[in-house]
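Note sheet for the following structure.
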Amino acid sequence: MAHQSLYRTHRPATFADVVGQEQVTKPLEEAALSKKIGHAYLFAGSRGLGKTSVARIFANAIGCTENDLYEIDAASNNSVEDIRTLTEGVYTLPFQSPYKVYILDEVHMLSKGAWNAFLKTLEEPPAHAVFILATTELEKVPETVQSRCQVFEFKKPTRAVLAKMTAAVAKKEGYTLAPDAAELIALLADGSYRDALSVLQKVFSGAEKKEISREVVEAATGAPKREQVHALISALAAAPPAGGRGKALEAIEKAAKSGADMKLFLELVLEALRATLLIRYASELRSSLAEELGADEYSSLEKYANEKGLTHATMLAFLTAADRIRYAPIPALPLELAVLELSKDE
């Protein structure tokens, strides 16, 4: 039998379990406790932030049982006929709950005709009906609908929040996740709780031991290796005119030829550059950086921080590369250009 995904296993079951969305969970919890229940809610935010999970938690908090909870994928049930079928059922009384709750996911996918068919029910619903609409594209939901709903916007979690959550889930599953391994998973997740747990599951499937290092995450996900990042940082740190322009270009070329995702490689380079400059200039942050980065990474970056080649201009050049990389026909080109621009005065 297939194992249940980590995202489903560790799906929050109560408001207290939801991480980093207090601006949503607190007013909903208060509404449930005070029994001041609205008839329509609109949850907006990018994928994997827990919109559907919070909708189910809220339904449970207002006394709705599974028999009176209806989850509808609006992406595949988006026609006028689909909505008419839904609205006809709305007026029948709940089986055993004070409310019938309808969760419509990806609601922005409804057709224009479906919205028109839905609008009247949304304007004058029966007292026992509660609609929770979820969308990743709020701008595609008609203003006439938004104005009839209580709108809650879900925020993307910070890297630190994702790393902490990932490490906590790993611990529950019997694994120990190194801090820099959790950081890399958080980076790969790109602001999504669901994606972080999907990456973690992939890492578990390829892990031979219960202790998960950053190298294990790199191997399981195909993320650029730390040595590739350090090769470029080391070359950039060498002071001009003996600076390593050729070595820097060689490091970029090797990373590209290894099949590394150059956008992710650049992101890791920027992370390392930032940490290196913080080590140099912000002595009060060194202990927290050492804990966050791990002893080996911190030791390497501390060595680069003592060399003269890395400056704010280095960071600026690679930040510019980050702007350019999304449009570059050759992904390595913006990084190479950053190196050449830095070395033009040599």
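Just so it is clear, none of the values below were taken in a lab; they were calculated from the coordinates. Please read these numbers as outputs of a predicted model, since none were measured by experiment. As a convention, Cβ positions derive from the backbone with ideal geometry for all residues, glycine included, and neighbour counts pool all protein chains shown.
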What is the range 22-127 by shape, rounded, prolate or oblate, if you read a ≥ b ≥ c off the alpha carbon gyration tensor as root eigenvalues and call it rounded for a/c under 1.5, prolate for a/b larger than b/c, and oblate otherwise? oblate
Whose amide H sits under 5 Å from the amide H of Lys100, counting only residues 5 or more places off or on another chain, with H placed in the peptide plane? Ala129, Val130
Among Leu293, Leu184, Leu333, determine the one that fluctuates most according to a GNM of the chain built with springs between C-alpha atoms less than 10 Å apart. Leu333
Please list, or write none, the lysines whose alpha carbon is within less than 21 Å of the alpha carbon of Lys247, excluding same-chain residues fewer than 8 places away. Lys225, Lys257, Lys263, Lys303, Lys308, Lys344
Between Tyr327 and Ser288, what is the label-point separation in nm under the 7 Å Cα-to-beta-carbon projection? 3.6 nm
Using alpha carbon centroids, what distance separates the range 51-84 and the range 307-346, in Å? 48 Å
Per GNM of the chain with C-alpha springs under 10 angstrom, the most fluctuating residue out of Thr144, Thr25, Thr65 is Thr144
In µm²/s, what is D for the range 226-342 at 37 °C and 0.692 mPa s, where D = kT/(6 pi eta Rh) by Stokes-Einstein and Rh is the Kirkwood radius from Cα pairs? 231 µm²/s
GNM on the chain, Cα springs under 10 Å; top mean-square fluctuation among Ser234, Ser283, Ser198 goes to Ser283
Rank by packing, highest mean first: peptides 265-271, 252-258, with packing defined as the count of other Cβ atoms within 10 Å averaged across residues. 265-271, 252-258
Of the candidate values (1) 145; (2) 126; (3) 176, the one computed for volume of the Cα convex hull per residue in Å³ from this structure is (3)
Loop sites in the range 1-63: trypsin sites (Lys or Arg not before Pro), DSSP, at most 10 other Cβ within 10 Å: Lys35, Lys36
Assuming 0.36 nm per residue, please report the length gained on full extension of the stretch Ala127 to Leu340 beyond their Cα-Cα distance. 70.0 nm
Cross-link reach list, aspartates and glutamates versus Lys120, counting only Cα pairs under 18 Å and skipping chain neighbours closer than eight places: Glu81, Asp82, Glu88, Glu143
Return the whole-Å distance between the Cα centroid of the range 100-144 and the Cα centroid of the range 147-176. 26 Å
Mean separation of Cα contacts under 8 Å, 6 or more apart, over the residue count of the range 226-342: relative contact order %: 32 percent
Restricting attention to the range 1-88, which GluC sites (Glu not before Pro) occupy a DSSP loop and are surrounded by at most 12 other Cβ atoms within 10 Å? none
Collect residues whose amide H, placed 1.01 Å from N in the peptide plane, falls under 5 Å from the amide H of Ala40; neighbours closer than 5 in sequence don't count. Phe131, Gln150
Straight-line reach check, Lys155, cutoff 17 Å on alpha carbons, 8 or more apart in-chain or any other chain, hits among lysines -> Lys26, Lys51, Lys164
